[in-house]
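> Quick one: the structure is below, questions incoming.
The values are calculated or read from the model by the stated rules, or taken from the named source; none is laboratory data. Bear in mind the structure is a predicted one, so any value in this text is a computation, not a measurement. Don't worry about glycine lacking a Cβ; one is built from the backbone with ideal geometry, like all the others, and counts go over all protein chains shown. SASA here: full protein model, heavy atoms, side chains in, ligands and nucleic acids out. Shrake-Rupley method; radii C 1.70, N 1.55, O 1.52, S 1.80 Å.
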Amino acid sequence: MNTIGSTRKQQQEKILVTSALPYANGSIHLGHLVEYIQTDIWVRVQKALGNTCTYVCADDAHGTAIMIRAEKEGISPEALIKKVKEEHEADFSGFLIDFDKYHSTHSEENRTLAEEIFLANYKQGAVIEKNVSQLYDPEKKMFLADRFVKGTCPKCQAKEQYGDNCEVCGATYEAKALIDPISVFSGAKPEEKSNLQLFFDLPKFEESLGAWLDSNSLQEEVANKLKEWFETGLKPWDISRESPYFGFEIPNYPGKYFYVWLDAPIGYIASFKAHCDETGAPEKFDEYWKPNSTAKVYHFIGKDIINFHGLFWPAMLKGANFRQPTAIFAHGFLTINGQKMSKSRGTFINARTYLNHLDPEYLRYYFASKLNASVEDLDLNLEDFMQRVNTDLINKYINIASRCARFIQNDFNGKLAAEMTDSGLTLYQSCYEEGLGIFEDYRAREFSRATRKIMQIADKANQFIDAEKPWLTIKADETKAQAHQVCTLGINLFRLITNYLSPILPVTSCKVADFLNLPEKSWGLTCAHSPLLNTQIKPYEPLMRRIEKKQIEAMVDDSKADFQSKGNEASSKTKSKKEKQSKKNNVTAEPLGEINIQDLQKIDLRIGKIISAEAVEGADKLLKLKVDVGDENRQIFAGIKSAYSPDQLVGKHTLVVANLAPRKMKFGLSEGMLLAAGPGGEDIWLLSPEPNSHKDNESKVKAGMKVK
């Protein structure tokens, strides 16, 4: 019997791994899954290498957004987070994400640990009190969190935006910066009042954080970015919020609650604590989280939350005498077809929508083929996705088994040969030896490099089979044994490739184990040390199927339909509101929607009054106008700078297309279109503001004169 090489052994490590906590206010989408798939593959690799590796996560379940959504749905915040957690866990399971414990930040473990970490920092002077100016609802007699204030975005003038960020242009700001802010509770205009808040004294940890950033615990580009914070000086971090707030009340400060970003990362520790208690090993907790721990702790996160994890989190842990993470691994964002995910284009794809149409292992493989250890963004090109899966997994990998198993089953009763040729054994040994480098690539998070090497092995296997032509040699008695050995080598190379792909394709690897009559847990660094020879395998059944273009099209269509369904629901509410307003003004107000020349009769034309006008920095022709169109004020960008200066326009009337779809421009959102007469340049004519002048204006227009 052929045997090769020697088995490799390594010292076992104790490792705890976490992914960022998904917020319990929405569904899991493909952008989220980049991180969880990356982490899950890495954890499976660690386990395959023989390490004790525990993977925990939890729903981030606190904050005002949770309260607002629960109120809209007419349920309690507790009922909402329970429902969302069940949805999240089902989606993660569907994508084969194998957590050892999936918990919630709204747990007793997290409450206890949050209080412990807070009080430890408080006792050593790392928590300071400070009076700050906050918005206050004079009718409800309460201070307002950012999400309890709505108004017009100070950047793009979009209406009905929350006090922390604009959902239209993405700008972030303080609630006090909103234009015409109101309280979501009473509709009253908020007042500014002084209020006591708690701050974590981040500057107190400047020296230790400097050492932390130089400790190689972060990717170089991430560490360099965080060092910019030191250039302007570290600032205390606000860690308290006023009631009402869904979260944990702060000890000794009634009516004040931990800001969600304080107890959320503590959820990593709480999830592990729950896991230790549930598995009957509570003593393991200290092994991982005390300062002298020899265990490793790794966080996988997106680059958008690196400030919290790279500065606040290690400082907070140090202040409470907990160990700091061994390393934090940040990744970039997901784009689809080279663009930001879009609901209207159907490329904002939820996890469940994908699972309704496609195999989760396809996406796991595609992400792996693109992921590396950098923080660069990853693009999911749907055409490339289909081609990559069909070429690599079907044409190269699965093809090896399907073409060889048929001969083994039909001509040799499903039994592998007792030996392989010398050339076959040499090829097998070289491919086996490449496994060490492949697993090292995995450990270094260079997944794309690992998959390239795996597909190179698949190419070698197919080339060998093509060169040996078993479909011909099996026909002659004198060469039938040779065909048997070639197909046996093919099956063994398929086994090797499966071993290397098993962290990415856990379901397929289980199917292959069954096909080859192997134990289910038969994958790892030292597995396949010796080839399978003289053993019985089962009849081959298809292990994967090609992706059809119609599957992707159906997935995109379903994503669009989901968006349109929600949009129609919101539109009906908007329409109802506008209809009520238009009755007051005796104006028919159609809902916003795109139109074309065939729908000319549907155009909603209104006389609007220009309230304000200003030049647009960086634009040669544009002016930014605020126009009163009867039932609301609109922001409109118009290319009339060549004819009018801003101060000439205030008070003038103009004709406006009021039901043109809003357009997001480089300079902000344009919510309509101005109509003007004239050939352009300086000859652009708007309506006159003077009363009873329309007849005079009409005669001037007919004469080719500019209306003043």
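> Take Ala589 and decide whether it is modelled with pLDDT of 75 or more and small (Gly, Ala, Ser).
Considered against the rule, which asks whether it is modelled with pLDDT of 75 or more and small (Gly, Ala, Ser), Ala589 comes out as no.
> Then there's this: Going residue by residue through the stretch 191-209, is there one that turns out to be over 30 Å from the mean Cα position of the chain (by Cα), surrounded by fewer than 18 Cβ atoms within 10 Å (Cβ to Cβ) and hydrophobic (A, V, I, L, M, F, W, C)?
yes
> Looking only at the stretch 408-461, count every residue that is small (Gly, Ala, Ser) and either part of a helix (DSSP H, G or I) or free of Cβ contacts under 8 Å to residues at least 60 places away in the same chain (or both) and tell me the total. Steps first, answer last, please.
So the first thing to find is which residues in the stretch 408-461 are small (Gly, Ala, Ser), and the list is 414, 417-418, 423-424, 430, 435, 437, 444, 448, 450, 458, 461.
Retained after the next criterion (residues that are either part of a helix (DSSP H, G or I) or free of Cβ contacts under 8 Å to residues at least 60 places away in the same chain (or both)): 423-424, 430, 435, 437, 448, 450, 458, 461.
Final tally of qualifying residues: 9.
> Please work out which residue is nearest to Ile68 (Cα to Cα), limiting yourself to the stretch 158-172 and to residues that are touching a strand residue (DSSP E or B) at 6+ places or on another chain (Cβ under 7 Å) and open to solvent by less than 30 Å² (accessible area, probe 1.4 Å).
Only one residue fits best here, namely Tyr162.
> Could you run through the stretch 636-648 and say how many residues are open to solvent by less than 50 Å² (accessible area, probe 1.4 Å), closer than 11 Å to Lys624 by Cα and touching a strand residue (DSSP E or B) at 6+ places or on another chain (Cβ under 7 Å)?
Matching residues across the stretch 636-648 total 5.
> Among the residues of the stretch 119-143 satisfying the criterion of being in a loop (DSSP other than H, G, I, E, B) and in contact (Cβ under 8 Å) with a residue 60 or more places away in the chain, which is nearest to Met316 (Cα to Cα)? Talk me through it step by step, then tell me what you get.
Taking the stretch 119-143 and keeping what is in a loop (DSSP other than H, G, I, E, B), we get 124-126, 138-141.
Checking which are in contact (Cβ under 8 Å) with a residue 60 or more places away in the chain leaves us with 124-126.
Values: Gln124: 12, Gly125: 12, Ala126: 9 Å.
Selected residue: Ala126.
> I would also like to ask the following. Does Ser217 satisfy being surrounded by 16 or more Cβ atoms within 10 Å (Cβ to Cβ) and within 23 Å of Phe308 (Cβ to Cβ)?
So Ser217 fits the description; yes.
> Moving on. I'd like the residue in the stretch 77-122 that is β-branched (Val, Ile, Thr) and open to solvent by less than 60 Å² (accessible area, probe 1.4 Å) and, out of all such residues, is farthest from the chain's Cα centre (by Cα).
Step one: of the stretch 77-122, the residues β-branched (Val, Ile, Thr) are 81, 84, 97, 105, 112, 117.
Right, trim to open to solvent by less than 60 Å² (accessible area, probe 1.4 Å) and you get 81, 84, 97, 105, 117.
Details: Ile81: 19, Val84: 17, Ile97: 15, Thr105: 19, Ile117: 29 Å.
For the stretch 77-122, the residue satisfying everything is Ile117.
> Related question: Report the residue count in the stretch 27-47 for those that are farther than 19 Å from Gly302 by Cβ and surrounded by fewer than 24 Cβ atoms within 10 Å (Cβ to Cβ).
Qualifying residue count for the region: 3.
> I've got another one for you. Can you name the residue in the stretch 341-377 that is part of a loop (DSSP other than H, G, I, E, B) and β-branched (Val, Ile, Thr) and is also surrounded by the most Cβ atoms within 10 Å (Cβ to Cβ) among such residues?
Ranking the qualifying residues of the stretch 341-377, first place goes to Ile349.
> Specify which of the listed residues (Gly302, Gly247, Gly267, Gly310) is touching a Cys at 6+ places or on another chain (Cβ under 9 Å), in contact (Cβ under 8 Å) with a residue 40 or more places away in the chain and not aromatic (Phe, Trp, Tyr).
The conditions single out Gly267.
> Among the strands (runs of 3 or more DSSP E) confined wholly to the stretch 1-115, which include 1 or more residues that are of a type in the set (Asp, Glu)? So that I can check it myself, show each step before the final result.
Working: elements: 14-19, 52-59, 101-104.
Qualifying strands (runs of 3 or more DSSP E): 52-59.
> Being farther than 17 Å from Ala126 by Cβ and either open to solvent by 10 Å² or more (accessible area, probe 1.4 Å) or under 29 Å from the mean Cα position of the chain (by Cα) (or both): is that true of Ile269 here?
Spelling it out, Ile269 is indeed farther than 17 Å from Ala126 by Cβ and either open to solvent by 10 Å² or more (accessible area, probe 1.4 Å) or under 29 Å from the mean Cα position of the chain (by Cα) (or both).
> Whether any residue in the stretch 243-251 is open to solvent by 20 Å² or more (accessible area, probe 1.4 Å), touching an Asp or Glu at 6+ places or on another chain (Cβ under 8 Å), outside any strand (DSSP E or B) and not hydroxyl-bearing (Ser, Thr, Tyr) is what I want to check.
yes
> May I pose another question? Taking the stretch 671-686 as the search range and keeping residues that are within 30 Å of Cys169 (Cβ to Cβ) and in a strand (DSSP E or B), which one is modelled with the lowest pLDDT?
Among residues in the stretch 671-686 that are within 30 Å of Cys169 (Cβ to Cβ) and in a strand (DSSP E or B), the one modelled with the lowest pLDDT is Gly680.
> Let me ask you something else. Do we have Gly74 as open to solvent by less than 10 Å² (accessible area, probe 1.4 Å), small (Gly, Ala, Ser) and on the phi > 0 side of the Ramachandran plot here? Step through it out loud before you land on a result.
Numbers: open to solvent by less than 10 Å² (accessible area, probe 1.4 Å): no; small (Gly, Ala, Ser): yes; on the phi > 0 side of the Ramachandran plot: yes.
No.
> Name the residue, out of Gly332, Gly280, Gly338, that is without any contact (Cβ under 8 Å) to a residue 24 or more places away in the chain, out of contact with any His (no Cβ under 7 Å at 6 or more places or on another chain) and surrounded by fewer than 18 Cβ atoms within 10 Å (Cβ to Cβ).
Just a single option satisfies the conditions, and that option is Gly280.
> Further question: Could you give every pair whose Cβ atoms fall below 6 Å, whose first residue belongs to the stretch 462-489 and is more than 21 Å from Pro531 (Cα to Cα), and whose second residue is open to solvent by less than 40 Å² (accessible area, probe 1.4 Å) and small (Gly, Ala, Ser), counting only separations of at least 6 or pairs across chains?
Filtered contacts from the stretch 462-489: Thr473/Ala483; Ile474/Ala483.
> List the number of the failed condition for Tyr288; all other conditions in (1) in a helix (DSSP H, G or I); (2) buried (at least 22 other Cβ atoms within 10 Å of the Cβ); (3) hydroxyl-bearing (Ser, Thr, Tyr) hold.
Answer for Tyr288: the failing condition is (2).
> Next question. Determine whether the stretch 623-633 contains at least one residue that is at pLDDT 85 or above, of a type in the set (A, V, I, L, M, F, W, C) and in contact with a Pro (Cβ under 7 Å, 6 or more places away or on another chain).
Yes, the stretch 623-633 has at least one match.
> Report whether or not Thr479 is touching a Ser or Thr at 6+ places or on another chain (Cβ under 6 Å), farther than 16 Å from Thr426 by Cα and open to solvent by 30 Å² or more (accessible area, probe 1.4 Å).
yes
> Yes or no: Asp558 within 30 Å of Leu382 (Cβ to Cβ), among the acidic types (Asp, Glu) and assigned to a helix (DSSP H, G or I)?
Against the criterion (within 30 Å of Leu382 (Cβ to Cβ), among the acidic types (Asp, Glu) and assigned to a helix (DSSP H, G or I)), Asp558 qualifies.
> Which of the residues spanning the stretch 502-542 are open to solvent by 20 Å² or more (accessible area, probe 1.4 Å), among the aliphatic types (A, V, I, L, M) and in contact (Cβ under 8 Å) with a residue 40 or more places away in the chain? I'd like the intermediate steps shown before the answer.
Here is the first cut: in the stretch 502-542, the ones open to solvent by 20 Å² or more (accessible area, probe 1.4 Å) are 507, 510-511, 514, 517-521, 523, 525-527, 529-530, 532, 534-536, 538-542.
From what is left, the residues that are among the aliphatic types (A, V, I, L, M) are 507, 518, 525, 532.
Listed by number, the residues that qualify are Val507, Leu525, Leu532.
> In this structure, does Glu478 turn out to be in contact with a helix residue (DSSP H, G or I) (Cβ under 7 Å, 6 or more places away or on another chain), charged (D, E, K, R) and either under 30 Å from Leu378 (Cα atoms) or part of a helix (DSSP H, G or I) (or both)?
Considered against the rule, which asks whether it is in contact with a helix residue (DSSP H, G or I) (Cβ under 7 Å, 6 or more places away or on another chain), charged (D, E, K, R) and either under 30 Å from Leu378 (Cα atoms) or part of a helix (DSSP H, G or I) (or both), Glu478 comes out as no.
> Which condition number does Gly50 fail, the rest of (1) farther than 18 Å from Asn350 by Cβ; (2) crowded, with 20+ Cβ neighbours inside 10 Å; (3) not β-branched (Val, Ile, Thr) being met?
Going through the list (1) farther than 18 Å from Asn350 by Cβ; (2) crowded, with 20+ Cβ neighbours inside 10 Å; (3) not β-branched (Val, Ile, Thr), Gly50 breaks only (2).
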